[in-house]
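> Here's a structure for you.
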Amino acid sequence: MKLIALLIAVESPSTHEVHMMLREYELSDVSFMMRNTYKDSLKFVVRESMKGLGKGTRHAVEHQGTLCHIQRHTQPIAAYAFVDKEYPPRVVYAFLNQVLQIFIEKTGEAWKQTKDDSNITIPEIKKLFDDFQNPAKVDKLFLAQEKIDETKVILHDNIKKLLERQGDLD
């Protein structure tokens, strides 16, 4: 399970162009020579999809073997999380919700004057991005489910061993 990238995009109220405001990446699994191309493809997905999203909606789309989860705010702001297929959607949307809240809280109305892409730094969002690399660290329900799955495997092994011993007794 991996959180690959987070992008926040805004649609300019005056020109209706889509601009990237914040980008965080974890591209250790992508070849060094391909990283810029990979980043450009993610930005392309954001630019092309932003205008077609309804206000206050959530979406999930598959892109190049990864999932792109999108949460659009009621304002023309959207957060995009690119994750692998095993990453739990409930955790992704909790992450995107927190990211949007922090972004709006920290930038206020300043994003409306944006005329070009920028990459602002918000330490709280960077920390969230790092924390959400491991869903079990931030989601208690996910951690509980992992423990249940581990217990289930042990229980099945014990039942199998018990049945094998029962056959030996007969």
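All of the numbers you see were taken from the coordinates with simple rules; none came from a lab. Since this is a predicted model, take the numbers as computed values, not measurements. We place every Cβ from the backbone using ideal geometry, glycine too, and count neighbours over all the protein chains shown.
> Give me the distance in nm between label points sitting 7 Å out from Cα along the Cα-to-Cβ direction at residue 116 and residue 34, one decimal.
Those two pseudo-labels are separated by 3.1 nm.
> For the cross-link pairs 39/106; 2/126; 51/115, which exceed 21 Å when the distance is taken from alpha carbon to alpha carbon?
Distance filter (> 21 Å) returns 39/106.
> Can you tell me the convex hull volume per residue for the chain, based on C-alpha atoms, in Å³ to the nearest whole number?
Taking the convex hull of the Cα positions in the chain, it is 142 Å³ per residue.
> Turning to a different aspect of this structure: For residue 55, go through the lysines and keep the ones whose alpha-carbon is under 19 Å away, minus same-chain ones fewer than eight residues off.
112
> Relative contact order for region 3-102: what is it in percent, counting Cα pairs under 8 Å that are at least 6 residues apart?
Across region 3-102, relative contact order equals 29 percent.
> Each residue of region 156-161 in order: what ³J(HN,Hα) in whole Hz does its phi give by Karplus 6.51 cos²θ - 1.76 cosθ + 1.60, θ = phi - 60°, with x for Gly and Pro?
Each residue's phi maps through the Karplus curve to give 4, 5, 5, 5, 4, 5 Hz.
> Residue separation times 0.36 nm, minus the C-alpha to C-alpha distance between residue 150 and residue 101: what's the value?
14.2 nm
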